[in-house]
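Trainee: My questions will all concern the structure given below.
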Amino acid sequence: MSAAQEQGGGRVALDEKVRAEIDDWVRRYPPERRRSAVLAALRIVQHHNGGYLTVPLMDAVAEYLDIEPVSVYEVATFYSMLETRPVGRHHISVCTNVSCMLRGGEEILAHLERRLGVKAGESTPDGRYYLKREEECLAACCGAPAMQIDHVYYENLTPEKVDEILDRLERDDG
Amino acid sequence: MSDEVTIEIDGRPLKARKGQMLIEVADAHGIRIPRFCYHPKLSVAANCRMCLVEVEKAPKPLPACATPVADGMKVYTRSPKALAAQKATMEFLLINHPLDCPICDQGGECQLQDLALGYGRDVSRFAERKRVVAGPDLGPLVATDMTRCIHCTRCVRFGEEIAGVKELGAVGRGEHMRITTYVAHALRSELSGNVIDLCPVGALTSKPFRFRARPWELIQHEGIAPHDAVGSNVHIHTLRGRVMRVVPHDNEEVNETWLSDRDRFSYEGLYAPDRLERPLLREGGALQETDWALALERAAARLREVVAAHGPEAVGVLVSPSATLEELYLAQKLARGLGSGNIDHRLRQGDFGADPAMGCAPGLGMRIPELERVDAALLVGSDIRRDQPLLGLRLRKAGMRGAEIAVLNPVDYEFHFPVAHRLITDPPGMVRALAAIAADLVRHSELPVPPAVAGLVEGARAEERHAAVAHALRRAGRGVVVLGAQAHASPWFGALRLLAGYVAAASGAALAELPFGANAAGAWLAGAVPHRGPGGAPAQPAGLDARAMLERPCRAYLLLGVEPERDAWNPAAAARALGEAELVIQIAPWLSEAGRRWAHVALPAAAFAETSGTFVNADGRWQSFEGAARPPGEARPAWKILRVLGTLLDLEGFGYEDPEEIRRELRAAVEAAPEPAGTVAAVALPETTASLWRVGDVPIYAVDALVRRSRPLQETPLAVEAALRVAPATATRLGLAAGARVRVRQDGTQAELEVVLDRRVAEGCALVHAGVAGSEGLGPAVGPLEVVAG
């Protein structure tokens, strides 16, 4: 997976397919509002870069959208869906907000921490999992406790169910 | 429908304009509402919440900075509900603010400290740990203590909205939010120091001033900044006679509330190690300290000897364009009193062919605030952003409003406004391009074409891009043609000046002439030019211009505040002329190494902030100031030195008691003089061809002796040394590799320079900065250059 090519001097150029995907978003805004595509652009670049952003990639996005690099850093650091350091392949978010907390969300998180051997906010040494720091509400109160792995929801969790989900994921991963 | 509404604040009925924010109306009527993030020059952020006020019928307190007035609105700024909201905000702001006021530079002039006194609780209820934020290193000018930051984002908005370079941003969110560059780098804006004033707390403070004094110990004096044609109004803060810092003094007509870094931090050069503190006299080959009486007597006696032996025209007087009006007037009076017409302040000018046709004094051709409202501009040889930072800001405002801005430059300078037309070409190409623009106007204008201009335009062919520029100027309700420092340095300045004059007149635009110096206009008015006396009257006798004085050497030189090895158009010629002169009298605050080699008499002068005087800015505004600090050692104001020198030379009318008297005399001369009405028959045109042209612009922090000595400014990324900066295509053609050191030859001089690839430079040109280390040994700022060894 790649999002860009090295250009030397710490600069990278976005790949053709990445630019095409960003262009698709740029087209949805008025021409003088090219910068509005920054959120989509970062998500696309992160996706093609194995789940995280680097400064050269953010700079490339800034150049492509014709905005100051610091404006891109602001966005990238603001949203918890965007990562600015290398993290594991599978992003796990466990909700510990009110509804989930009342239904055992904290226990789910503790179980995951035990199984993966990392604390929330850390990645497993094999690079397979990234257990995100406490997310705010996942908007899945009806199925509490809930978690999200790579944008897929898993609800009404118990520690056993969590194990099943991860076992399956590891089987599929090979 | 009327645009006016009536509102009531704290029971006072007030008239307001529709769309105004409550806080603006309150401010206009002296009703103080506490605030941190609101600033009249910045967009409304409404993120500090300190300006919450009670508005009748509104369920919750509203931020006064973001609440537009409505007819009949009743507002309470001090009601129990408003005060409770303001106090609650203050309590939140103080949660994470450290209690380090005793070691904070902002202490005593801190908005948070001041407002905490009125709105804070005696004892904090916050028992948890406060957050700590490591501050980024923003370079030599701005110190950071980001733990103190209250996230008002004024500094972020300043960069984005005013300076036009967003370098600081708010990274992270919530409690983790911090103001930073994210990727560490020193601030590159020429206006970065303004964030120090904007910061309401001690998060961003002045690095050079750090821990040097407490605000309440300082004495505040009014002054005028000495580096560009804006004449920014400043406050000079002194402690025991020494300048501790310089801050802006609001003046909407001049600098608004801003100050360029050059004007703000140059004072750091005042007490440089080579400051002259006692008069020096060359005795038996070496400079020796002496007393004033002897130094002045010897200076006068030696001058008299030179005049007696070689005639008065053997004396040349070179003065700084940043000297005061009074100094300039006395210098020309002294030269002409001796019988010499050789006086000039235009050390960086390359051609004087348009002199007879010049107006009374160079300037903007309009009032400074009017520059914000032009619809089109043509910059000729001008990096206005760095040469005249605050005029650059005004033009940026016009550009952001949609003004069509064209540039005709040898280097594609990076501007902070949109550039509609770019003509980037070598120095002879600039003359041809301007002639082409003029040729297009000839076809569209009824205005008679002056003969000299007709000669220039003849044969010029206007291509589409030239016609587009002419069209933009013609169509504009208000246009301006700016002749910048690079135009003045051209060996064909005369041609550029005549063409620009015609282009402006034919298109109905104003002509703005912006040479270097804080007082170029004053120098013209004072008669510090070889062909005009005070007020612009024809000079008797006429003499040599600055370039001729150094190329056809004089026997004796009187230098006032200039360092020819850095300030002259042709430093090599200057070094030759001064090295061989029989007499060099240097009146200056500092004595450079080169000056030490050639001075026979060195007279220590008071510098910026130490002398009274007057600068005339680009507006034609006479701005007088008093001395604020004590000159070190025995240094004395230059006008007094010139007065005594004039008296010792038995010249008439040097018995002034104070500068006011000099000013009055000059003003009378200016009022009595007729408007100059000379014409030029023909000017020099580019004939020589060269495979490589040197373009020697002067970097922002190399323009004068004071700036060059300011260490903090010299440590910024904007301070650069001489190198051979060429476009990649030029490098390929000449076989130059980036990073290589090569020998260059110019006009019989040589220097070794590093090759730097720079896409901004026009093809066929090499940007070799003037006024900086590495190019002192070279010849003309603009002229043919040869690479001798790769």
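Trainee: Restricting to the stretch B:308-319, count the residues that are open to solvent by 10 Å² or more (accessible area, probe 1.4 Å) and in contact with a Leu (Cβ under 6 Å, 6 or more places away or on another chain).
Mentor: 1
Trainee: May I pose another question? All but one of (1) at pLDDT below 95; (2) in contact with a Lys or Arg (Cβ under 7 Å, 6 or more places away or on another chain); (3) farther than 30 Å from B:T153 by Cβ hold for A:R171; state the number of the condition that does not hold.
Mentor: Unmet condition: (2).
Trainee: Restricting the search to the stretch B:296-328, which residues are within 36 Å of the chain's Cα centre (by Cα), part of a loop (DSSP other than H, G, I, E, B) and small (G, A, S)?
Mentor: Once the filter is applied, which keeps residues that are within 36 Å of the chain's Cα centre (by Cα), part of a loop (DSSP other than H, G, I, E, B) and small (G, A, S), the stretch B:296-328 yields B:S320, B:S322, B:A323.
Trainee: Within the stretch A:67-83, which residues are more than 22 Å from B:V165 (Cα to Cα) and more than 9 Å from every other protein chain (Cβ to nearest Cβ)?
Mentor: The answer is A:M81, A:L82, A:E83.
Trainee: Here's a follow-up. Starting from residues that are farther than 14 Å from A:S71 by Cα and at pLDDT 95 or above, keep the ones in the stretch B:159-179 and report whichever is farthest from the chain's Cα centre (by Cα).
Mentor: Restricting to residues being farther than 14 Å from A:S71 by Cα and at pLDDT 95 or above, the top hit is B:I162.
Trainee: Out of the residues in the stretch B:698-716 that are assigned to a helix (DSSP H, G or I) and of a type in the set (D, E, K, R), which is surrounded by the most Cβ atoms within 10 Å (Cβ to Cβ)?
Mentor: Only one residue tops the list, namely B:R708.
Trainee: Turning to a different aspect of this structure: Here are some residues: B:V744, B:V720, B:V707, B:V698. Which one is among the β-branched types (V, I, T), within 17 Å of B:Q486 (Cβ to Cβ) and modelled with pLDDT of 95 or more?
Mentor: Unique residue meeting the criteria: B:V698.
Trainee: Any residue in the stretch B:116-134 that's of a type in the set (S, T, N, Q): show its pairings with residues that are exposed (fewer than 13 other Cβ atoms within 10 Å of the Cβ) at Cβ separation under 9 Å, as long as the two are six or more apart or on different chains.
Mentor: B:S124/B:L99
Trainee: How do the strands (runs of 3 or more DSSP E) wholly within the stretch B:587-697 filter down when requiring 1 or more residues that are open to solvent by 30 Å² or more (accessible area, probe 1.4 Å): which remain?
Mentor: B:622-625
Trainee: Does the stretch A:52-66 contain any residue that is buried (at least 18 other Cβ atoms within 10 Å of the Cβ), more than 13 Å from chain B (Cβ to nearest Cβ) and touching a strand residue (DSSP E or B) at 6+ places or on another chain (Cβ under 7 Å)?
Mentor: Scanning the stretch A:52-66 turns up at least one residue that is buried (at least 18 other Cβ atoms within 10 Å of the Cβ), more than 13 Å from chain B (Cβ to nearest Cβ) and touching a strand residue (DSSP E or B) at 6+ places or on another chain (Cβ under 7 Å).
Trainee: Residues B:E283, B:E289: which one is within 36 Å of the chain's Cα centre (by Cα), under 19 Å from B:A594 (Cα atoms) and without any contact (Cβ under 8 Å) to a residue 24 or more places away in the chain?
Mentor: The match here is B:E289.
Trainee: Related question: Out of (1) within 11 Å of chain A (Cβ to nearest Cβ); (2) in contact with a Lys or Arg (Cβ under 6 Å, 6 or more places away or on another chain); (3) open to solvent by less than 30 Å² (accessible area, probe 1.4 Å), what's the single condition that is false for B:V201?
Mentor: Against the list (1) within 11 Å of chain A (Cβ to nearest Cβ); (2) in contact with a Lys or Arg (Cβ under 6 Å, 6 or more places away or on another chain); (3) open to solvent by less than 30 Å² (accessible area, probe 1.4 Å), B:V201 comes up short only on (1).
Trainee: Among the residues that make up the stretch B:97-113, is at least one of them in contact with a Gly (Cβ under 6 Å, 6 or more places away or on another chain), open to solvent by 30 Å² or more (accessible area, probe 1.4 Å) and either in a helix (DSSP H, G or I) or within 14 Å of chain A (Cβ to nearest Cβ) (or both)?
Mentor: So far as the stretch B:97-113 goes, yes, one or more of its residues are in contact with a Gly (Cβ under 6 Å, 6 or more places away or on another chain), open to solvent by 30 Å² or more (accessible area, probe 1.4 Å) and either in a helix (DSSP H, G or I) or within 14 Å of chain A (Cβ to nearest Cβ) (or both).
Trainee: Among the residues of the stretch B:471-487, which ones are farther than 19 Å from B:R443 by Cα and open to solvent by 10 Å² or more (accessible area, probe 1.4 Å)?
Mentor: B:G477, B:R478, B:A485, B:Q486 - these are the residues of the stretch B:471-487 that are farther than 19 Å from B:R443 by Cα and open to solvent by 10 Å² or more (accessible area, probe 1.4 Å).
Trainee: Give, as residue ranges, the strands (runs of 3 or more DSSP E) completely inside the stretch B:1-87 that count at least 3 residues that are open to solvent by less than 30 Å² (accessible area, probe 1.4 Å) and hydrophobic (A, V, I, L, M, F, W, C).
Mentor: Here the list reads B:4-9, B:52-55.
Trainee: Oh, and also: For the stretch A:1-20, name all the residues that are open to solvent by 70 Å² or more (accessible area, probe 1.4 Å) and more than 25 Å from B:V183 (Cβ to Cβ).
Mentor: Matches in the stretch A:1-20: A:E16, A:K17.
Trainee: Continuing with this model, one more query. When you scan the stretch B:116-171, how many residues do you find that are among the basic types (K, R) and either within 13 Å of chain A (Cβ to nearest Cβ) or open to solvent by less than 30 Å² (accessible area, probe 1.4 Å) (or both)?
Mentor: 4
Trainee: Looking at B:A737, B:A770, B:A766, B:A762 in this structure, which one is over 20 Å from B:D383 (Cβ atoms) and either in contact (Cβ under 8 Å) with a residue 12 or more places away in the chain or touching an Asp or Glu at 6+ places or on another chain (Cβ under 6 Å) (or both)?
Mentor: Among B:A737, B:A770, B:A766, B:A762, only B:A737 is over 20 Å from B:D383 (Cβ atoms) and either in contact (Cβ under 8 Å) with a residue 12 or more places away in the chain or touching an Asp or Glu at 6+ places or on another chain (Cβ under 6 Å) (or both).
Trainee: Then there is this: Working only within the stretch B:172-186, note down all residues that are more than 7 Å from every other protein chain (Cβ to nearest Cβ) and either out of contact with any strand residue (DSSP E or B) (no Cβ under 9 Å at 6 or more places or on another chain) or open to solvent by 20 Å² or more (accessible area, probe 1.4 Å) (or both).
Mentor: Residues satisfying the conditions are B:G174, B:E175, B:H176, B:M177, B:R178, B:A184, B:H185, B:A186.
The values are calculated or read from the model by the stated rules, or taken from the named source; none is laboratory data. Fair warning: this is a prediction, and the values are worked out from it, not measured in the lab. No Cβ is skipped: glycine too gets one built from the backbone with ideal geometry, and neighbour counts run over all protein chains shown. Areas reflect the complete protein model, heavy atoms only, side chains present, ligands, DNA and RNA absent. Shrake-Rupley method; radii C 1.70, N 1.55, O 1.52, S 1.80 Å.
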